[in-house]
Structure formats: C-alpha cells, structure tokens
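Novice: Before I ask anything, let me first share the structure, which is written out below as structure tokens.
The values are calculated or read from the model by the stated rules, or taken from the named source; none is laboratory data. These figures come from a predicted structure and were not determined experimentally. Positions of Cβ are generated from backbone atoms using ideal geometry, with glycine treated the same way; all protein chains shown enter the neighbour counts. We work out accessible area using only protein heavy atoms, side chains counted, and drop any ligands, DNA or RNA first. Shrake-Rupley method; radii C 1.70, N 1.55, O 1.52, S 1.80 Å.
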Amino acid sequence: MPALPVRPELAGVEPYGAPQLDVPVLLNVNENPFAPSAAVVEEIARRVAEAAHGLNRYPDREFLALRAELAGYLALESGVELTPEQVWAANGSNEVMLHLLQAFGGPGRTALSFAPTYSMYPEYARDTQTRWVAVERASDFSIDPAVARAAIAEHAPSVVLLASPNNPTGTALGLDVVRTVLDAAAEVAGGCVVVVDEAYAEFRRAGTPSALTLLAEHPHLAVTRTMSKAFGMAGARVGYLAAARELVDVLRVVRLPYHLSAVTQAVARAALAHADELMAQVGALRAERDELVAWLRARGLQVADSDANFVMFGVFDNRRTLWQGLLDRGVLIREVGPPGWLRVSVGTPSETAAFKDALVEVAGL
Ligand SMILES: Cc1ncc(COP(=O)(O)O)c(C=O)c1O
C-alpha cells in the first residue's frame, strides 16, 4: 500500500477520548447522571417527529429560533440580556471552540492557556495549525494575574482559553483574573480573543460569578457553554457561545454549511422548553458535590475546590493501581490531572455511595 500523506503532527497519534467501558458505575466523563424524564423524552420525540417530515430539506442554516431560546435561557440563568445574533451554537462546545480556533487561530498564530486544563485545547490548536502555549497554574490551580499578564505580553496570542470552572481541577476563576486577561489581550497587536469556557457554569457555588456579565464591555470576549452537563444532554451534542455580534459573524464564515442538523435543533429546543425541570437536579448535584469534597477531606485526602460536577482528589503514589482497583469493583473514574491526582464525577447518590465504598476498600481509608 502506498504511504498515506499524514500530516507529520498527526502521525501515530491516538484519537482523544476516555475509555468507554461497560461497568455499573460510570463517573469518568462528567456527565449528568440523571436521564431525561418521561415528559422530556416525549417532547423530544414529538419535535423530532415533526422535524422528520422536513428532512428532505436542509435545516435552517442560521437557526435563529434556537439562538433566541438560548439567549432567553442565559438571561434567566445569569441575568445577562443578549440578542439572538450574539449567540452561536454547534455540535458540542468542542465544535464551538474549534470554530473559534479556525476563525482566530491558524499558522503563525498562538493559542495560550493555563495548565492543567481541558485536554482538547491543544488538539484544537494542532488541528488548526496554531502554535500552542500552556502556562503553569499556581499550586492551588489558580492563575496569578501578574503571570497571566506577562505571558500574554510575551507570547502575543490571538486566542486565550480560560476554563472556569476548569477541567480537570474543578476550580473557577474570579472575575478579577478574567478582567486582567481581557485587559492584557486588548494590548496584543493585531488583537486577541479571550474565550472563557463555562461548560460547568451552572454548578458554580453561590458567589462565583459568570464571565457573561463582562460581555457588554468586552467585544473580544467569548463565553462558551454546553447542554452536555447541567442540562443532561451530552448525547444530543449541543454547545453554544455568547459574544459580540461582530465576533459571532466571523464564526458564521468558518462553519460548515448546515452544521447543526434539523434533528439536533429540534432536540435542543425541546430540552430548552423543559429547562426548569432539567435544571432541578443541578442543586442536588451541587449539594452532593460539596458533601463529597468534605467526605474526602475528612479522610485526609487533598481535594481541589470544586465549582463543577466533579472533584479532583489525591495525592496517591500509584494512582493507576487505585484507578484499577476501583474499576475492578465496577466504578470507573478518570486518571487525569497532575501526577498522583484522580478525578471523579458526581453521580446519583447510590453511584457516589458505591464510589466511596470502593475507595475505602482500595485506598484503605
Ligand atoms: C472544560 C470543558 N469544556 C468543554 C467540554 C466539551 O463539552 P461538549 O463538547 O460536550 O459541549 C468539556 C467536556 O467534558 C469540558 O470539560
């Protein structure tokens, strides 16, 4: 067979993704453990059936009805009023962020973030041939504003990615840090877009603000959100973003035509019509998260502060053995984060109980 002309940076690279194993307790990819109710399932089925009648046609390319409903949801959730044209959506916030890198990254340009952080960021950079720079976070996983300012001045990125709450640490950023980054980005010759990835925003603790409140004053800010986590719609693949209309209009240039299928739009709109009900579980998950953090700390473990629906804990001499021990007991968590740390998603109360029992046994707590 003749050689394939694989781009050198892709040669021998394994596709990204956590192991998808068939075990009883799945706490490894920060999903919402609660399946949609019968009422939500019924509404989705009804709207998909409606959409099915028109599947011979391409879908609404601008999907302004969905964008208006997402804006309505954000107004309720964060008190920030946006026009439909300020909202963008795609197949997961992963695709939204790829659009951002396609539009604002590219050869000769730099994307900068603060590690440890979401492991897909360097992949967006690689796939758009954008140089990738990861600056270390402080030992408590916060970002020192002075370090951020200096790094942006040194590397002159065209995109800065800030996950808040961050994955895998669970830690959120104060708006003072985000403001410092926005100010430093405004000084970059040629411009710099700051992306605040708020995939887990709905799980933030009281008093933790959303960067949506900074949008009105910062045309170079984009805040990404997703329906995969709090909405419990990971399987539907719907992520979205809020930004100035001018920024969104650039994303419309790089998207593939009709990238959001009529079926996806119907599912998203059905879920949004039931936002109240889908969100009802978020409070319970938050309370369970706080209880899990306290439980782990009471057993002498280190636990990063969490504003998300997962908890990063450690520190273990051989985390692989621990991860395997849990798996042997039917509990799948994630071996991710700095050396010695592990990450567990908040599950249903019985899943969390199974995790605790297995951990006590394996770690001898
Ligand atoms: C920080 C962060 N951002 C974005 C995503 C992507 O989510 P989705 O593409 O399902 O919207 C994830 C998924 O785990 C995440 O952890």
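Novice: Per residue, what accessible area does the range 39-274 have, given a 1.4 Å probe and all protein chains present, in Å²?
Specialist: Normalised by residue count, the accessible surface of the range 39-274 is 39 Å².
Novice: In percent, what relative contact order does the range 249-321 have, based on Cα pairs under 8 Å that are 6 or more apart in sequence?
Specialist: 18 percent
Novice: A further question on this structure: With unit charges on the beta carbons (Lys and Arg positive, Asp and Glu negative) and the dipole taken about the Cα centre of the chain, which residue among Val181, Ser158, Ala294 sits farthest to the positive side?
Specialist: Ser158
Novice: Just to confirm my numbers, what's the Cα centroid distance between the range 24-85 and the range 271-297 in Å?
Specialist: Centre-to-centre (Cα) distance: 19 Å.
Novice: Sticking with this structure for a sec: Grab the alpha carbons of the range 261-347, take their convex hull, and tell me the volume per residue in Å³.
Specialist: Here the figure is 137 Å³ per residue.
Novice: Quick one: net charge around Ala284, please, counting Lys, Arg +1 and Asp, Glu -1 for every other residue with C-beta under 12 Å from its C-beta.
Specialist: My count for the surroundings of Ala284 gives -1.
Novice: On to the next question. Amide H neighbours of Gly330 under 5 Å, counting only residues 5+ apart in sequence or on other chains, H built in-plane at 1.01 Å?
Specialist: none
Novice: Using alpha carbon centroids, what distance separates the range 332-352 and the range 90-109, in Å?
Specialist: The distance from the Cα centre of the range 332-352 to that of the range 90-109 comes to 28 Å.
Novice: Starting at 0 and stepping by 20 Å, how many percent of the alpha carbon pairs of the chain end up in each bin?
Specialist: Here the calculated profile for the chain is 28, 58, 14, 0.
Novice: Full-extension gain between Val250 and His155, please, as 0.36 nm times their residue separation minus the C-alpha to C-alpha distance.
Specialist: My answer for the length gained is 31.9 nm.
Novice: Okay, next question. Report, by chain and number, residues whose modeled amide H sits under 5 Å from the one on Ala115, excluding near sequence neighbours (fewer than 5 apart, same chain).
Specialist: Amide H neighbours of Ala115, under 5 Å, 5+ apart: Val135, Glu136, Arg137.
Novice: Set the Förster radius R0 to 45 Å, insert the Cβ-Cβ distance between Thr83 and Arg299 as r into 1/(1 + (r/R0)^6), and round the FRET efficiency to 0.05.
Specialist: Using R0 = 45 Å, I get an efficiency of 0.35.
Novice: Charges on Cβ only, +1 for Lys and Arg, -1 for Asp and Glu, centred on the Cα centroid of the range 39-274; of His274, Pro168, Thr224, which one is farthest towards the dipole's positive end?
Specialist: With unit charges placed on the Cβ atoms, the residue in question is His274.
Novice: Assign unit charges at the C-beta atoms only (+1 for Lys and Arg, -1 for Asp and Glu), then state the dipole size of the range 60-172 relative to its Cα centre in Debye, rounded to the nearest 20.
Specialist: Taking the Cα centre of the range 60-172 as origin, the dipole is about 380 debye.
Novice: List the relative contact order of the chain as a percent without decimals, with contacts defined as Cα pairs under 8 Å and 6+ residues apart.
Specialist: This gives 23 percent for the chain.
Novice: Rounded to the nearest angstrom and ordered from largest down, what semi-axes does the equivalent ellipsoid of the range 242-309 get from its C-alpha gyration tensor (root of 5λ)?
Specialist: Listed largest to smallest, the semi-axes of the range 242-309 are 38, 19, 11 Å.
Novice: Run lengths n ≥ 4 of DSSP H only: what is the helix-derived mean residue ellipticity at 222 nm for the chain, with -39500 (n - 2.57) per run over all residues, to the nearest 500?
Specialist: Result for the chain: -12500 deg cm²/dmol, rounded to the nearest 500.
Novice: With the contact rule set at Cα under 8 Å and sequence spacing of 6 or more, what percent relative contact order holds for the range 187-247?
Specialist: Across the range 187-247, relative contact order equals 34 percent.
Novice: Can you give the Kirkwood hydrodynamic radius of the range 163-258 from its Cα pairs, in Å with one decimal?
Specialist: Final number for the Kirkwood radius of the range 163-258 is 14.4 Å.
Novice: To the nearest 20 Debye, how big is the dipole of the chain about its Cα centre, given +1 on the beta carbon of each Lys and Arg and -1 on that of each Asp and Glu?
Specialist: Roughly 500 debye, rounded to the nearest 20.
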